[in-house]
Amino acid sequence: MTVKLGAHVDQDDPLAEAADRGADLVQFFLGNPQDYKAPKLAYADGEEALKERAAAAGVDLYVHAPYRLNVANTNNRIRIPSRKLLQQTLDKAAEIDVKGVIVHGGHVGDEDDPEAGFDNWRKCIERAELPVPLLIENTAGGENAMARQLERIERLWEAVQASGNDRLENVGFCLDTCHFHAAGEELPSIVERVLAITGRIDLVHANGSRDEFGSGADRHSNFEDGHIDPADIVAVVQAAGAPVVVETPNANNGQKADLDYLRSHLKG
């Protein structure tokens, strides 16, 4: 089994970043991940050039949606702009022929019924145009998060499936190792348990964790510096059999070291 390996990189020249890391794929933002501004490609030569050059280089492209997106939220001033920006991100990502757009599961307020958040996800998918796959990612913290623990992910997946979108095959799952560790979910069995709920894992975010098991902290570390046994990360990647994005810090070429670790430890 050959697994495609890559990293989250700077958006200005993702292909140069891929070459630097020997990556099969790259993930990047389309603008500032912390605001609601419409997505914009930073690559100087434009969408068509990036698409053609990526195909020629054999590099798959993935886009991570802005962190500010929260389509589950019960506040109209958050949910409605989030839906709009998510659709804009999907449409812009389609122009460069990405393999997927990754979005966090979001949350509702501490006093809200989580069922309202799941229903907001149903409505979002029901109304969404899905020109490229949308991959919902599990998250690390938050008591009223939609995709932190597996029981919440199961309810979220039921809501998504109930949306009736005629391109429902374009809604998939992104498994983040740091986030599940932070959420208090054991990694050795996580792939089997996720597949029992979703039936699919479309992408793995292979990350170490700066913090201890169950901390709720979304703080990635390089594999050999954190609180996750690197062997457990390798095992998740092996079991999932999906493309991999390493989102670890890149000081002193840390991402490349983590990619090299995966390459040297994956079987087959």
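The values are calculated or read from the model by the stated rules, or taken from the named source; none is laboratory data. It should be emphasised that the depicted structure is a prediction, and the values quoted were computed from it without experimental measurement. With ideal geometry, Cβ positions are generated from the backbone for all residues, glycine too; neighbour counts draw on all protein chains shown. Heads up: the accessible areas ignore ligands, DNA and RNA and are worked out on the full protein's heavy atoms, side chains in. Shrake-Rupley method; radii C 1.70, N 1.55, O 1.52, S 1.80 Å.
Examine region 242-253 for a residue that is in a loop (DSSP other than H, G, I, E, B), among the hydrophobic types (A, V, I, L, M, F, W, C) and either crowded, with 23+ Cβ neighbours inside 10 Å or touching a residue at least 12 places away in the same chain (Cβ under 8 Å) (or both), and state whether such a residue exists. The answer is yes, given that some residue of region 242-253 is in a loop (DSSP other than H, G, I, E, B), among the hydrophobic types (A, V, I, L, M, F, W, C) and either crowded, with 23+ Cβ neighbours inside 10 Å or touching a residue at least 12 places away in the same chain (Cβ under 8 Å) (or both).
For residues in region 217-241 being in a helix (DSSP H, G or I) and touching a strand residue (DSSP E or B) at 6+ places or on another chain (Cβ under 8 Å), which is surrounded by the fewest Cβ atoms within 10 Å (Cβ to Cβ)? Give the steps one after another, and end with the answer.
Restricting attention to region 217-241, the residues satisfying the condition of being in a helix (DSSP H, G or I) are 223-225, 230-240.
From what is left, the residues that are touching a strand residue (DSSP E or B) at 6+ places or on another chain (Cβ under 8 Å) are 223-225, 230, 233, 236-237, 240.
On the way: Phe223: 26, Glu224: 12, Asp225: 15, Pro230: 18, Ile233: 27, Val236: 26, Val237: 23, Ala240: 23.
Restricting to residues being in a helix (DSSP H, G or I) and touching a strand residue (DSSP E or B) at 6+ places or on another chain (Cβ under 8 Å), the top hit is Glu224.
Condition test on Val194, is it assigned to a helix (DSSP H, G or I), at pLDDT 95 or above, β-branched (Val, Ile, Thr) and touching a strand residue (DSSP E or B) at 6+ places or on another chain (Cβ under 7 Å)? Steps first, please.
Working: assigned to a helix (DSSP H, G or I): yes; at pLDDT 95 or above: yes; β-branched (Val, Ile, Thr): yes; touching a strand residue (DSSP E or B) at 6+ places or on another chain (Cβ under 7 Å): yes.
Yes.
What about Val204, is it under 16 Å from the mean Cα position of the chain (by Cα) and surrounded by fewer than 24 Cβ atoms within 10 Å (Cβ to Cβ)? No; evaluated as a whole, the condition is false for this residue.
The condition of being touching a residue at least 12 places away in the same chain (Cβ under 8 Å) and surrounded by fewer than 21 Cβ atoms within 10 Å (Cβ to Cβ) holds for only one of Pro33, Pro14, that being Pro33. Within region 124-144, the set of residues being over 21 Å from Phe180 (Cα atoms) and open to solvent by less than 60 Å² (accessible area, probe 1.4 Å) comprises Cys124, Ile125, Ala128, Leu130, Pro131, Val132, Pro133. Summed over region 48-85, residues that are touching a helix residue (DSSP H, G or I) at 6+ places or on another chain (Cβ under 8 Å) and farther than 21 Å from Pro114 by Cα total 10. When Ala147, Ala182, Ala159 are checked against the criterion of being open to solvent by less than 10 Å² (accessible area, probe 1.4 Å), at pLDDT 95 or above, assigned to a loop (DSSP other than H, G, I, E, B) and of a type in the set (Gly, Ala, Ser), a single residue qualifies: Ala147.
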